[in-house]
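J.: One structure follows; several queries about it will come next.
The values are calculated or read from the model by the stated rules, or taken from the named source; none is laboratory data. This is a predicted model, so every value here is computed, not measured. So basically every Cβ, Gly included, is an ideal-geometry build from the backbone, and we count neighbours across all protein chains shown. Heads up: the accessible areas ignore ligands, DNA and RNA and are worked out on the full protein's heavy atoms, side chains in. Shrake-Rupley method; radii C 1.70, N 1.55, O 1.52, S 1.80 Å.
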Amino acid sequence: MSAYYYLVAGLPDISLEDGKLSYTISDFRAESYGDLSAKDQALIDLFYLKYDHADLLSLLKDKDAVTQGKGNFSSEDLLQLIASVKEGEKPDAKFPSYLYDFIAQYLALPADELYKAENLLASAYYAYAMKSKNPFIASWFEFNLNINNILAAFAARKYKMNVAEVIVGDTDVCEMLRTSNARDFGLSETLDYFEPLQRLVETDDLVEREKKVDQLKWKWLEDASFFHYFTIERLFVFLLQLEMIERWVLLDKEKGSELFRQMIQNLKDEVQIPEEFRK
């Protein structure tokens with residue numbers, strides 16, 4: 001397992017200027033990605049795939065769409081991928097296999113069912129990521145899928161919608177959410193975070209509720225990565241936390257700055273560089 005002593009310890013302090021960040025997930029990609037082993041780069045790619053998804057969906061709707069360019073692939077790469085599926089060409093190993101399957105599904109969807117595309121892609125993504133051979137990262141994707149699905153299920157019940165239609169994925173928890181009529185979907189005894197999440201759902205203020213959900217995810221990340229000091233898991237956690245803060249700093253500059261400082265300080269407090277690496 002690779003150890004990234006200087007990379008972890010050298011993560012920059014993050015400051016805010018006029019509500020904008022001086023360090024972003026794109027900066028991490030540009031400055032630190034190349035220092036990772038090929039195996040660990042593949043794990044970090046899992047994080048950035050969500051941005052490829054957004055670009056892919058845009059290009060499927062309009063080949064001239066302006067994309068974010070924050071993912072693993074360029075617009076040209078994704079257009080090539082779409083074209084290769086249309087032409088029935090042999091898959092290129094540089095693309096995750098589920099993207100080929102999704103594009104084929106998308107192209108077969110009737111016009112009045114294109115709204116299903118985002119959920120189909122998300123479902124394929126989580127199934128792919130949860131097969132990661134890295135236990136921590138596989139667990140994170142399962143946890144995040146459960147959180148998002150539970151919130152969606154409660155919202156569907158509240159607004160008298162079909163719960164089954166809003167659930168993404170194909171796991172035992174997904175099946176319970178789709179089929180159970182119990183108040184807790186039968187999950188209170190299965191998931192130790194179900195009850196705290198259920199209490200959050202009762203928060204009327206949507207912004208406050210969203211923030212508390214992120215705090216729940218943040219705590220899970222800290223607890224689950226407690227013994228990962230200089231590893232790819234620590235860098236993966238940093239990216240996820242950075243992503244959360246990027247979103248909130250746009251909504252709440254003062255609180256975002258506080259959380260950024262806390263995140264960096266906590267990271268540095270945890271890091272004790274071995275003596276042989278200080279020379």
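J.: In this structure, does residue 225 turn out to be in contact with an Asp or Glu (Cβ under 7 Å, 6 or more places away or on another chain), small (Gly, Ala, Ser) and touching a residue at least 40 places away in the same chain (Cβ under 8 Å)? Don't jump to the end; show me each part of the working.
T.: On the way: in contact with an Asp or Glu (Cβ under 7 Å, 6 or more places away or on another chain): yes; small (Gly, Ala, Ser): yes; touching a residue at least 40 places away in the same chain (Cβ under 8 Å): yes.
Criteria met by residue 225.
J.: Filter the stretch 107-129 for residues that are open to solvent by 50 Å² or more (accessible area, probe 1.4 Å) and out of contact with any Pro (no Cβ under 9 Å at 6 or more places or on another chain) and give the result. Full working, then the answer.
T.: Looking only at the stretch 107-129, we keep the residues that are open to solvent by 50 Å² or more (accessible area, probe 1.4 Å), and these are 107-108, 110-116, 118-120, 128.
Of everything in the stretch 107-129, those that are open to solvent by 50 Å² or more (accessible area, probe 1.4 Å) and out of contact with any Pro (no Cβ under 9 Å at 6 or more places or on another chain) turn out to be 107, 108, 110, 111, 112, 113, 114, 115, 116, 118, 119, 120.
J.: Just wondering, is there one or more residues in the stretch 158-167 that are in a helix (DSSP H, G or I) and open to solvent by 80 Å² or more (accessible area, probe 1.4 Å)? Walk me through how you get there before you give the answer.
T.: Within the stretch 158-167, the subset in a helix (DSSP H, G or I) is 158, 163-166.
From the residues that got through so far, the ones that are open to solvent by 80 Å² or more (accessible area, probe 1.4 Å) too are 158, 165.
The answer is yes, given that some residue of the stretch 158-167 is in a helix (DSSP H, G or I) and open to solvent by 80 Å² or more (accessible area, probe 1.4 Å).
J.: With assigned to a helix (DSSP H, G or I) and of a type outside the set (Gly, Ala, Ser) as the only criterion, which of 197, 187, 191 stands out?
T.: Just one listed residue meets the conditions, 197.
J.: Residues being open to solvent by 60 Å² or more (accessible area, probe 1.4 Å) and in contact with a helix residue (DSSP H, G or I) (Cβ under 7 Å, 6 or more places away or on another chain): count how many of those fall in the stretch 71-85.
T.: Keep residues of the stretch 71-85 that are open to solvent by 60 Å² or more (accessible area, probe 1.4 Å), which gives 76, 79-80.
Imposing the further condition that a residue be in contact with a helix residue (DSSP H, G or I) (Cβ under 7 Å, 6 or more places away or on another chain) reduces the set to 79.
Selection size over the stretch 71-85: 1.
J.: Here's another thing I want to ask about it. Here are 28, 95, 102, 47: which of them is surrounded by 13 or more Cβ atoms within 10 Å (Cβ to Cβ), out of contact with any Ser or Thr (no Cβ under 6 Å at 6 or more places or on another chain) and not in a helix (DSSP H, G or I)?
T.: Exactly one of 28, 95, 102, 47 is surrounded by 13 or more Cβ atoms within 10 Å (Cβ to Cβ), out of contact with any Ser or Thr (no Cβ under 6 Å at 6 or more places or on another chain) and not in a helix (DSSP H, G or I), namely 95.
J.: Output yes when any residue across the stretch 230-253 is more than 29 Å from residue 38 (Cα to Cα), within 15 Å of the chain's Cα centre (by Cα) and acidic (Asp, Glu), and no when none is.
T.: Within the stretch 230-253, not a single residue is more than 29 Å from residue 38 (Cα to Cα), within 15 Å of the chain's Cα centre (by Cα) and acidic (Asp, Glu).
Residues checked against (1) surrounded by 15 or more Cβ atoms within 10 Å (Cβ to Cβ); (2) under 26 Å from residue 130 (Cβ atoms); (3) modelled with pLDDT under 90:
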{"site": "20", "(1), (2), (3)": "no, no, yes"}
{"site": "35", "(1), (2), (3)": "no, no, no"}
{"site": "56", "(1), (2), (3)": "yes, yes, no"}
{"site": "88", "(1), (2), (3)": "no, no, no"}
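J.: Can you tell me which residue is nearest to residue 162 (Cα to Cα) among those in the stretch 197-219 that are exposed (fewer than 14 other Cβ atoms within 10 Å of the Cβ) and modelled with pLDDT of 90 or more? I'd like the intermediate steps shown before the answer.
T.: We begin by selecting, within the stretch 197-219, every residue exposed (fewer than 14 other Cβ atoms within 10 Å of the Cβ); these are 199, 202, 204-208, 215, 219.
Still in the list and also modelled with pLDDT of 90 or more: 199, 219.
Working: 199: 22, 219: 31 Å.
Among residues in the stretch 197-219 that are exposed (fewer than 14 other Cβ atoms within 10 Å of the Cβ) and modelled with pLDDT of 90 or more, the one nearest to residue 162 (Cα to Cα) is 199.
J.: Surrounded by 14 or more Cβ atoms within 10 Å (Cβ to Cβ), of a type in the set (Phe, Trp, Tyr) and not in a loop (DSSP other than H, G, I, E, B): is that true of residue 154 in this structure?
T.: When the stated conditions are applied, residue 154 passes them.
J.: For the stretch 177-196, enumerate the residues that are open to solvent by 60 Å² or more (accessible area, probe 1.4 Å) and either of a type in the set (S, T, N, Q) or closer than 26 Å to residue 124 by Cα (or both).
T.: Going residue by residue through the stretch 177-196, those that are open to solvent by 60 Å² or more (accessible area, probe 1.4 Å) are 178-179, 181, 183, 189-190, 192, 195.
Result: 178, 179, 181, 190, 192.
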